[in-house]
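This report refers to the structure that appears directly beneath it.
The values are calculated or read from the model by the stated rules, or taken from the named source; none is laboratory data. Source: prediction; values computed, not measured. Here Cβ is always computed from backbone atoms with ideal geometry, including for glycine, and neighbour counts include all displayed protein chains. Only protein heavy atoms, including side chains, enter the accessible area calculation; ligands, DNA and RNA are left aside. Shrake-Rupley method; radii C 1.70, N 1.55, O 1.52, S 1.80 Å.
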Amino acid sequence: MKTVYNIIIADDHKMFVDGLRSILEQEDDLHIVHTTSTGEEVLKYLKINQNEQIDLLITDLNMPGMDGIALNKNIKKDFPGIKTLVISMLEDGAKIKSLTEDEVNGYLSKNAEQKELLKAIRQILLGENYFSTHIQSILIQSLTNSRKASEIRLTQREKEVLQLIAKEHTTQEIADMLFLSKHTIESYRKNLINKLEVRNLAGLTRYAIEHNMV
């Protein structure tokens with residue numbers, strides 16, 4: 001007897017859901033049991049239908065309310081037997097990295113062809129993970145950047161100067177606040193630009209924001 005896999009789809013783009021449905025309905029071993037536009041509805045459905053075997057959740061990343069990252073995290077915590085596949089237009093390395101840390105089983109671009117979609121679904125259902133070649137390269141770059149960032153060590157004074165730069169204070173204002181000379185602050189700024197390998201003050205500000213320093 002052929003195994004039939006039960007699938008839930010969570011995506012707030014009806015056209016995409018309809019397209020995905022038309023593809024999966026051609027496969028006699030893939031059965032869509034529920035579609036919804038929110039992560040909250042997925043969890044509600046699973047709690048109400050706990051006796052129903054769900055094998056795979058296909059979800060978008062951006063949805064109203066609970067996003068795909070939070071949904072995947074909740075699924076892995078409360079329903080660890082369900083595999084998860086994210087299909088999204090977003091190619092954000094940090095978000096993909098976060099998903100892998102929460103044991104997502106796969107990630108595909110919405111631009112993926114039907115053949116690759118079915119390959120990803122079947123590979124995941126058989127117990128393996130699937131990340132497209134393009135997504136893998138983005139993830140590798142993100143991991144490289146994270147390691148690089150973790151290797152950078154800023155002194156307490158450098159952090160103070162960087163935070164004040166990010167808050168748009170002038171060199172003179174920073175000098176006055178820290179009781180240092182304007183020349184000293186200019187030196188700190190130049191050293192920070194070199195140390196963090198950015199091009200200008202905008203790059204310093206972006207670094208401070210990305211590392212939750214402001």
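Please give me the summed charge of the neighbours of residue 107: other residues whose Cβ is under 15 Å from its Cβ, Lys and Arg +1, Asp and Glu -1.
Charge balance near residue 107 sits at -3.
What ³J(HN,Hα) values, in whole Hz, does the Karplus curve 6.51 cos²θ - 1.76 cosθ + 1.60 give for segment 84-101 when θ = phi - 60°, with x put for Gly and Pro?
10, 10, 8, 10, 8, 7, 6, 10, 8, x, 5, 6, 5, 4, 4, 5, 5, 5
Can you compute the helix-only [θ] at 222 nm over the chain? Use -39500 (n - 2.57) per DSSP H run of at least 4 residues, normalise by all residues, nearest 500 deg cm²/dmol.
Value at 222 nm, helices only, nearest 500: -16500 deg cm²/dmol.
At residue 177 and residue 62, where each label point lies 7 Å from the Cα along Cα→Cβ, what is the point-to-point distance in nanometres?
3.2 nm
Please list 3J(HN,Hα) in residue order for segment 113-123, calculated via the Karplus relation 6.51 cos²θ - 1.76 cosθ + 1.60 where θ = phi - 60°; whole Hz, with x for glycine and proline.
6, 4, 4, 6, 4, 5, 4, 4, 4, 5, 5
Could you report segment 83-206's accessible area per residue, 1.4 Å probe, as an integer in Å²? Before the final figure, lay out each step's value.
Details: 7310 Å² over 124 residues.
For segment 83-206, the solvent-accessible area averages 59 Å² per residue.
Please compute the net charge surrounding residue 3, taking Lys and Arg as +1 and Asp and Glu as -1 over other residues with Cβ under 13 Å from its Cβ. Display every interim value, and only then the final one.
Details: positive: 2, 122; negative: 27, 28, 29, 55.
Its environment carries a net charge of -2.
On the accessible surface of the chain, probed at 1.4 Å, how many percent belong to carbon and sulfur atoms?
Values: 6020 of 12250 Å².
Carbon and sulfur: 49 percent of the exposed surface of the chain.
Non-local amide H neighbours of residue 83 (under 5 Å, H modeled in plane, Pro and chain starts lacking H): which ones?
For residue 83, the qualifying residues are 56, 57.
How far is it, in nm, from the label point at residue 136 to the one at residue 170 when both lie 7 Å from their Cα along the line to the Cβ?
The answer from the label model is 5.4 nm.
Out of residues 5 or more away from residue 110 or on other chains, whose amide H comes under 5 Å of its own, with H placed 1.01 Å from N in the peptide plane?
Here 88, 89 satisfy the definition.
Between helix 14-24 and the chain, what is the angle of the helix's C-alpha long axis to the longest principal axis, kept within 0 to 90° and rounded to the nearest 10?
50 degrees
Which FRET efficiency value, to the nearest 0.05, do you get for residue 210 and residue 109 by plugging their Cβ-Cβ distance into 1/(1 + (r/R0)^6) with R0 = 22 Å? Don't jump to the answer; show the numbers that get you there.
Numbers: r = 23 Å, r/R0 = 1.07.
Approximately 0.40, to the nearest 0.05.
Percent relative contact order of the chain, based on C-alpha pairs within less than 8 angstrom and at least six residues apart?
Values: 266 pairs, mean separation 27.8, N = 214.
So the answer I get is 13 percent.
So what's the angle, to the nearest 10 degrees on a 0 to 90 scale, between helix 156-166 and the longest Cα principal axis of the chain?
So the helix axis and the longest Cα principal axis differ by about 80 degrees.
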